[in-house]
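The values are calculated or read from the model by the stated rules, or taken from the named source; none is laboratory data. What you see is a predicted model, and the numbers here were worked out from it, not measured in a lab. Positions of Cβ are backbone-derived with ideal geometry, glycine not excepted, and every protein chain shown enters the neighbour counts. Heavy atoms of the whole protein, side chains included, go into the accessibility calculation; ligands, DNA and RNA do not. Shrake-Rupley method; radii C 1.70, N 1.55, O 1.52, S 1.80 Å.
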Amino acid sequence: MRFSSLVLSASLGAAATIPRQAGDACANPAKRVEWRTMTPEVQKQYVDAVLCLKTKPSGMGLNTSRYDDFPYVHTKLDKTIHTVAMFLPWHRLFVQVYEDSLRDCGYTGPMAYWDWTLDTADVTKAPVWDATTGFGGNGDPAIDPLKESSRKKCLVDGPLRGFEVAYTMQGLDPHCLARNWNSGVAFPGDMLADAYTPDVVADVAAQARYQDFRYKLEGGPHGAIHSAVGGDMSPATSPNDPIFFLHHAQIDRLWTLWQQENPAVRTTEFGGPKTQNAEPGEASLEDVMPYLGLVPDIRVSEVMSTHTSKLCYAY
Ligand SMILES: [Cu+2]
């Protein structure tokens, strides 16, 4: 059960005779916060819960751990959930399921996002990379990514040093978690920061239609961060790197803030390409999003608002 559901049932206890409606089923939304605003103690509790996922069995019957369920599902669904309309709602629920799993591992703090617009002056110094209060930094600097496979750039510091993840694009293939910052070779310290500055995000947020907003956000800042971090963050196995979930919480935050500009319209506005291939037809709120047993499949319409009995959080 989610933390938010616990809060909800506790708060509704005294008012049990009031009929529950979809609109007021989220009395106490859980507040998500930026990573650097958390105390070192809470940051450590978050990282400990991430590591704990590796000790838990798969929730979907795989021979790998709960940790590995996320890259497994995301990789299998790669072509279904990217560069299509459902990109945003699919990843919204995916992050929530991950948060629920962290809570199953004892995490009691807030879900965290990484607002990379705060770090564009020098992304290599972002607090999320801190070896003691973050997720560690770049992969092994001794490996030349132009000569060696990027996946050999195992992390050399922080809590995930030597950490093993299970999946590559080829399937089960245990290997060290790697990062290969898109910097240091041709563009030292750059990390593609021009693609996710506050100005870029403001331009994304200024889009009037869902399909334009989704297109610019996914292809712009979203993709740039995946490329900039590199290593396991680059292909569709990217949930191998726990920074994935802080990144996608930020993507979800930007969508949520955009929705809040005009909630009545934008929590029901959805559209764009339904699939990557040429199949005709626009996406619809009735489209069913697949999760391969990670959680039951669900309609887009059920996650359009973060303020329901299904999802109950705010930024
Ligand atoms: Cu994705």
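Numerical summary
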item	result
Members of region 289-309 found to be touching a helix residue (DSSP H, G or I) at 6+ places or on another chain (Cβ under 9 Å) and free of Cβ contacts under 8 Å to residues at least 12 places away in the same chain, listed by number	E302
Qualifying helices (runs of 4 or more DSSP H) (wholly inside region 183-257; at least 2 residues being of a type outside the set (S, T, N, Q) and in contact with a Ser or Thr (Cβ under 7 Å, 6 or more places away or on another chain))	198-205
Flag for G219 being within 16 Å of the ligand (Cβ to nearest atom) and closer than 25 Å to P198 by Cβ	yes
Selection count, region 198-219, where residues are in contact (Cβ under 8 Å) with a residue 12 or more places away in the chain and either hydrophobic (A, V, I, L, M, F, W, C) or open to solvent by 50 Å² or more (accessible area, probe 1.4 Å) (or both)	12
Meets criteria (more than 15 Å from the ligand (Cβ to nearest atom) and open to solvent by 10 Å² or more (accessible area, probe 1.4 Å)) for T133	yes
Options P141, P110: the member that is away from the ligand (no atom under 15 Å from the Cβ), open to solvent by 20 Å² or more (accessible area, probe 1.4 Å) and at pLDDT 95 or above	P110
Criterion (acidic (D, E), modelled with pLDDT under 95, part of a loop (DSSP other than H, G, I, E, B) and more than 26 Å from P29 (Cα to Cα)) met by exactly one of E279, E269	E279
Test: residue in region 261-282 that is more than 16 Å from the chain's Cα centre (by Cα), within 14 Å of the ligand (Cβ to nearest atom) and under 30 Å from D173 (Cβ atoms)	yes
Only listed residue being over 23 Å from D199 (Cα atoms) and hydrophobic (A, V, I, L, M, F, W, C), chosen from V288, V229	V288
Candidates T124, T117 - the one that is touching a residue at least 40 places away in the same chain (Cβ under 8 Å), open to solvent by less than 30 Å² (accessible area, probe 1.4 Å) and not in a loop (DSSP other than H, G, I, E, B)	T117
Some residue of region 235-247 being surrounded by fewer than 22 Cβ atoms within 10 Å (Cβ to Cβ), away from the ligand (no atom under 14 Å from the Cβ) and either modelled with pLDDT under 95 or under 25 Å from T80 (Cα atoms) (or both)	no
Residue in region 48-107 that is surrounded by the most Cβ atoms within 10 Å (Cβ to Cβ), counting only those that are away from the ligand (no atom under 16 Å from the Cβ) and among the hydroxyl-bearing types (S, T, Y)	Y67
K54, sole failed condition from (1) of a type in the set (K, R); (2) under 30 Å from R299 (Cβ atoms); (3) modelled with pLDDT of 95 or more	(2)
Matching residues in region 294-309 - criterion: being surrounded by fewer than 19 Cβ atoms within 10 Å (Cβ to Cβ) and not in a helix (DSSP H, G or I)	V295, P296, D297, I298, R299, T308, S309
Which numbered condition T256 fails, given (1) β-branched (V, I, T); (2) within 30 Å of L172 (Cβ to Cβ); (3) away from the ligand (no atom under 14 Å from the Cβ)	(2)
Residue within region 9-24 that is at pLDDT 50 or above, out of contact with any Ser or Thr (no Cβ under 6 Å at 6 or more places or on another chain) and in a loop (DSSP other than H, G, I, E, B) present	no
